[in-house]
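Throughout, read-outs are computed from the coordinates displayed, never taken from laboratory work. Computed from a prediction, not measured in an experiment: that's the story for all the values here. Don't worry about glycine lacking a Cβ; one is built from the backbone with ideal geometry, like all the others, and counts go over all protein chains shown.
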């Protein structure tokens, strides 16, 4: 029987290109180990013609950020009728929009932090909400453009409206929740184990360097939590996944203020990282799935009309 041919889509042209190249390389190597024929595709504007040329049976989507996880590449794959991994067009577009995703998740029993979506130029010189708060680009991932405004800070950060800002004009302004950083993977419709992320002391929070620098953070899986908090993280991860219509693998991120007993959902990642320092492979391993098992499951789960 002929080997199934998998095109691993990687690279792209978002801010997260380097992470995608790392994710794609790791996934391609794992897929080859379990017996698939693999073609790595560094995605450019000619991706449709490349896919028509190589004729894969499945597209493994290892792209991150704009064009990779916002519904656009998914639309191309639907048009070409190539089965693909992860979420479909609508779920990808919705989850990428942090403001709208929070509205949908909240309406389905997921606890979120108070927030508002604004044009960055509306922020001006007055705080849009009482500090402390967080400003995030609506459409970015990997903590690009995330700014924490501390209590006692007199004015909003100037970089939000400065010429060096290149993360889009729409930002989400969200109440800052102190405490522990938690995350949970959903595989299909099942929550895997919960993981706690402990950034190294040199980092203010779980930022880009903390995420991807070797030793930048420690992943504690399973997270040392009370059973009720552990189960609430899993329950809300599945609820968000299902409410937004996600498919395949997703990862939800949370903050837990232990002193106040406050657990809030921050966002969902429909194309979570698959690099050597990424969270999903760690959570899968604790739940009994090797990296090879995980990527094989994702290929077998691939389809159109997701």
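What FRET efficiency, computed as 1/(1 + (r/R0)^6) with R0 = 51 Å and r the Cβ-Cβ distance, is obtained for residue 164 and residue 52, rounded to the nearest 0.05?
Step by step, r from the Cβ atoms, then E = 0.85.
Between 0 and 90 degrees, rounded to the nearest ten: what's the tilt of helix 227-243 against the longest Cα principal axis of the chain?
Relative to the chain, helix 227-243 is tipped by roughly 60 degrees.
Note the full-extension length gain between residue 148 and residue 33 as 0.36 nm times their separation in residues minus their Cα-Cα distance, in nm to one decimal.
Taking 0.36 nm per residue and subtracting the Cα distance, the gain is 37.2 nm.
Run the numbers for residue 293 and residue 116: contour at 0.36 nm per residue of separation, minus the present Cα-Cα distance, in nm.
Answer, rounded to one decimal: 59.7 nm.
Taking every DSSP beta bridge that has both residues in the chain, what percent is antiparallel when rounded to the nearest 5?
75
For the Cα atoms of the chain, what angle does the longest principal axis make with the long axis of helix 17-33, in degrees from 0 to 90, nearest 10?
Compared with the principal axis, the helix lies near 40 degrees.
Give the shape of segment 87-130 as rounded, prolate or oblate, defined through the alpha-carbon gyration tensor: a ≥ b ≥ c are the square roots of its eigenvalues, a/c under 1.5 means rounded, and otherwise the shape is prolate if a/b is larger than b/c and oblate if not. Could you put the intermediate results ahead of the total?
On the way: a/c = 4.94, a/b = 1.70, b/c = 2.91.
Verdict is oblate for segment 87-130.
Measure nothing but the geometry: give the 0 to 90° angle between the long axis through the Cα atoms of 291-301 and the longest principal axis through the Cα atoms of the chain, rounded to 10°.
Orientation of helix 291-301: about 70 degrees from the principal axis.
Using a 7 Å offset from the Cα along the Cα-to-Cβ direction at both residue 304 and residue 13, what is the distance between the two label points in nm, to one decimal?
It is 2.6 nm.
Please compute the volume of the convex hull spanned by the alpha-carbon atoms of segment 5-86 and report it per residue in Å³. Could you put the intermediate results ahead of the total?
Numbers: hull volume 5.9 nm³, N = 82.
Spelled out: Cα convex hull of segment 5-86, divided by residues, is 72 Å³.
Helix-only mean residue ellipticity at 222 nm, the chain, DSSP H runs n ≥ 4 weighted -39,500 (n - 2.57), per residue, nearest 500. What is it?
Computed ellipticity for the chain at 222 nm equals -9000 deg cm²/dmol.
For 262, 174, what's the fewest-to-most ordering of other Cβ within 10 Å of each Cβ?
Working: 262 14, 174 23.
By the 10 Å Cβ count, ascending: 262, 174.
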